[in-house]
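Only the coordinates and a few stated rules stand behind these numbers; no lab work does. Keep in mind that what you see is a predicted model, and the values were worked out from it rather than measured. Quick reminder, even Gly has a Cβ in these numbers, built from the backbone with ideal geometry, and neighbours come from all protein chains shown.
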Amino acid sequence: MSHIVILGAGVVGLTIALESHKRGFKPVIIARDLPQDSDSTGFASPWAGCLWHPFDHEGTTLGSQCDKETFLKLGELSKEIPDLLKRIDVVDLSKDPLNANEMWYNELVGGMREVAASSSKPLPGDFAHGLEWSTYIWDAPRYIRYLGEQVKSKHIPIFKKRLSSLDEAYDLAALESTFAHMDHVDLVINAMGLGSRSLLGVEDPQVYPAKGQTVLVKAPGVERCYMDIGSSFIPGPDDEPYPTIYIVPRPGTSGEVILGGTFLPNDYTPFPDPAQARRILQSAIKIEPKLVKSSSANKNPTWEDIEVISHNVGLRPCREGGPRIELEHRVLGQGWLGPRVHERLVGKKVGVVHAYGFGPAGYQQSLAAARRALDLAEDFCQSRKTH
Ligand SMILES: Cc1cc2nc3c(=O)[nH]c(=O)nc-3n(C[C@H](O)[C@H](O)[C@H](O)COP(=O)(O)OP(=O)(O)OC[C@H]3O[C@@H](n4cnc5c(N)ncnc54)[C@H](O)[C@@H]3O)c2cc1C
């Protein structure tokens, strides 16, 4: 049985941990932020919208292949946890004409219907064009806590710890006294999201944050998602920010709805901007009047009649060129900055599987990312046994 250490307890790290347990690995998770830390802006996962909506124009990138593979698995999963993951109608909105056949996922999602505004039948928010289809939504913070409970029920050890170098992960005995008896780690899987930019030994300069600001509101009447499709294709780190708008109800009985949002590359500020919050609320009410709280007596309700629960910020762990799912061979003890590994490990040849850089799509790519990362892990561990 191979001992693997998984770095990160966001949606990617937790999904990998559970899948690795199914495949017969012995996983240990180390992370600075744990599933129960739902209020921490140290990781992206609790702050996601969250729906399946592709961002790549082409269906051929690694990201879109992960979108597709994950989508095909969500039907089964949603039957197990309908309060956390559910299929729902969505309307993409645009000022410009939309062509369903140009969307690589048209067939995958069971077909998209083009709609155009007319004087007798306007579209929400005065948009001229729309695409109606159906997708999946998650309750992100509760889904993360659910994954955390699954990890616990499988007795997968999970430790809160901030690492400053990748080397440290190969010396579990030094990191955590519970593992004092453990003299080797077969493989490390790096699912640290944004942490991959600064972790010594990874230091990926292509990793950058994209600040996402949202408003969580109570509006049980909202039954479908809306998204300004002009905003659904991610800008690069040097592009102008686009004033996005999306409305995503959460599955289950909470009656909560996430209103978004922003996509601000290289903005690390973890607090909401009141001007953006106001813009989001004003734009959202134009699209979905059901956002108004039921107790409102106002005959012409405005954004101030929406019941706000909280203003939120999450930093999407983006990567220029898309996600990285890759095996890397390394030699321990080569970095000069430290912390140093124990001398018995210096010069040891090891492997790391990277699984990070999922940007705005970590949920909708999580199941495929786990499958791919663990295929690489299995190949690596197998090759070690045969040599
Ligand atoms: C506003 C917003 C809306 C979004 N909407 C969607 C959506 O609709 N659909 C979708 O699929 N995705 C969406 N996302 C993106 C999604 O949230 C991310 O892609 C996903 O959460 C990334 O997961 P992750 O596990 O890779 O990283 P994270 O969740 O960031 O987890 C990283 C883990 O690594 C740990 N870590 C980092 N550095 C260190 C260190 N030095 N030492 C130890 N541990 C460390 C952290 O503590 C954490 O446990 C949205 C994100 C935001 C902010």
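Worth pointing out:
- C-alpha long axis of helix 11-22 to longest principal axis of the chain, angle in °: 50 degrees
- Spacing of the two label points (7 Å from each Cα toward its C-beta) at residue 40 and residue 128, in nm: 4.8 nm
- ³J(HN,Hα), Karplus 6.51/-1.76/1.60, whole Hz, each residue of the range 25-32, x for Gly, Pro: 6, 10, x, 10, 10, 10, 7, 6
- For the peptides 298-311, 125-138, the ranking by packing is 125-138, 298-311, with the highest mean count of neighbouring Cβ atoms within 10 Å listed first.
- Annotation: for a label point projected 7 angstrom from Cα along Cα→Cβ of residue 184, residues of the range 370-387 with backbone N closer than 13 Å are 381-387.
- At 0.890 mPa s and 25 °C, Stokes D of the range 299-387 from Kirkwood alpha-carbon radius, µm² per second: 143 µm²/s
- For the peptides 59-69, 370-380, the ranking by mean Cβ contacts within 10 Å, running from highest to lowest, is 370-380, 59-69.
- The range 160-310 - Kirkwood radius from inverse mean 1/r over Cα pairs (Å): 18.7 Å
- Listed pairs 26/160; 154/348; 121/299; 152/349; 86/160 exceeding 29 Å between Cα atoms: 154/348; 152/349; 86/160
- Remark: C-alpha extents of the chain on the principal axes read 76, 41, 39 Å, sorted largest to smallest.
- Charge tally in the Cβ shell below 12 Å around residue 182, where Lys, Arg are +1 and Asp, Glu are -1, residue 182 excluded: -3
- Per-peptide average of other Cβ atoms within 10 Å, ordering 210-221, 87-98, 5-16 highest first: 5-16, 210-221, 87-98
- Cβ-defined net charge surrounding residue 39, 15 Å radius [Lys, Arg +1; Asp, Glu -1]: +2
- Computed from Cα atoms, the angle from the helix 62-80 axis to the main principal axis of the chain rounds to 80 degrees.
- Derived scalar couplings ³J(HN,Hα) [the range 36-48; Karplus, 6.51 cos²θ - 1.76 cosθ + 1.60; whole Hz; x for Gly, Pro]: 6, 7, 4, 8, 7, 8, x, 9, 7, 4, x, 9, 5
- Whole-angstrom Cα spans of the range 1-103 along principal axes, big to small: 53, 32, 27
- Mean-position separation - Cα centroids, the range 77-123 and the range 253-332, in angstrom: 20 Å
- Rounded tilt (10° steps) of 274-287 against the dominant C-alpha axis of the chain: 50 degrees
- Stretch gain in nm, segment residue 327-residue 116, where the contour uses 0.36 nm per residue and the Cα spacing is subtracted: 71.3 nm
- Residue 340 versus residue 88: modelled label distance in nm, points set 7 Å from Cα along the beta carbon direction: 5.5 nm
- Fully extended contour minus Cα-Cα distance, from residue 286 to residue 349, at 0.36 nm per residue: 16.8 nm
- Sequentially through the range 256-263, phi angles give Karplus couplings (6.51, -1.76, 1.60; θ = phi - 60°) of 8, 9, 9, 10, x, x, 10, 9 Hz, Gly and Pro residues having no value and appearing as x.
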